[in-house]
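These notes are about the structure you will find just below.
The values are calculated or read from the model by the stated rules, or taken from the named source; none is laboratory data. If you're wondering where the values come from, they're calculated on a predicted model, not measured in any experiment. Cβ atoms come from the backbone with ideal geometry, glycine included; neighbour counts cover every protein chain shown. What goes into the accessible areas is simple: the full protein's heavy atoms, side chains included, and nothing from ligands, DNA or RNA. Shrake-Rupley method; radii C 1.70, N 1.55, O 1.52, S 1.80 Å.
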Amino acid sequence: MNNRLKELRTKHGWSQADLADQLGVSRQTVISIERGKYDPSLPLAFAIASVFHLTIEGVFQP
């Protein structure tokens with residue numbers, strides 16, 4: 001699954017650790033999602049979208 005996580009994160013001026021703290025996950029999880037090596041659970045995908053005030057479809061693309 002493709003995503004815009006890195007683009008959105010840098011647009012907000014957040015480090016991977018900043019985003020991880022907001023989501024309650026490890027920095028490694030953020031790295032893995034950004035690289036497309038890990039697809040987040042549905043609750044985590046909703047949390048990610050919520051942090052950026054977007055829909056899930058606004059962050060993730062099949």
Between residue 27 and residue 1, what is the label-to-label distance in nm when each label sits 7 Å out along the Cα-to-Cβ direction? 2.5 nm
With every protein chain kept in place and ligands, DNA and RNA left out, what is the accessible area per residue of the chain? Probe 1.4 Å, answer in Å². 62 Å²
Before anything else, pin down the relative contact order of the chain: Cα pairs under 8 Å, at least 6 apart, normalised by residue count, whole percent. 42 percent
Solvent-accessible surface (1.4 angstrom probe) belonging to residue 23, in square angstrom, nearest 10: 30 Å²
Specify whether the C-alpha gyration tensor of the chain places it in the rounded, prolate or oblate class, a ≥ b ≥ c being the square roots of the eigenvalues: rounded for a/c under 1.5, otherwise prolate if a/b is larger than b/c and oblate if not. rounded
Gained length - residue 15 relative to residue 51, 0.36 nm times residue gap less alpha-carbon distance: 11.6 nm
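Counting only protein heavy atoms and using a 1.4 Å probe, what share of the accessible area of the chain belongs to carbon plus sulfur, as a whole percent?
Values: 1970 of 3840 Å².
C and S fraction of accessible area: 51 percent.
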Helix-only [θ] at 222 nm, the chain, -39500 (n - 2.57) per DSSP H run of 4+, per residue, nearest 500, equals -15500 deg cm²/dmol
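Which order do 6, 11 take by accessible area at a 1.4 Å probe, largest first? Walk me through the intermediate numbers first.
Details: 6 120, 11 160 Å².
The ranking, largest first, comes out as 11, 6.
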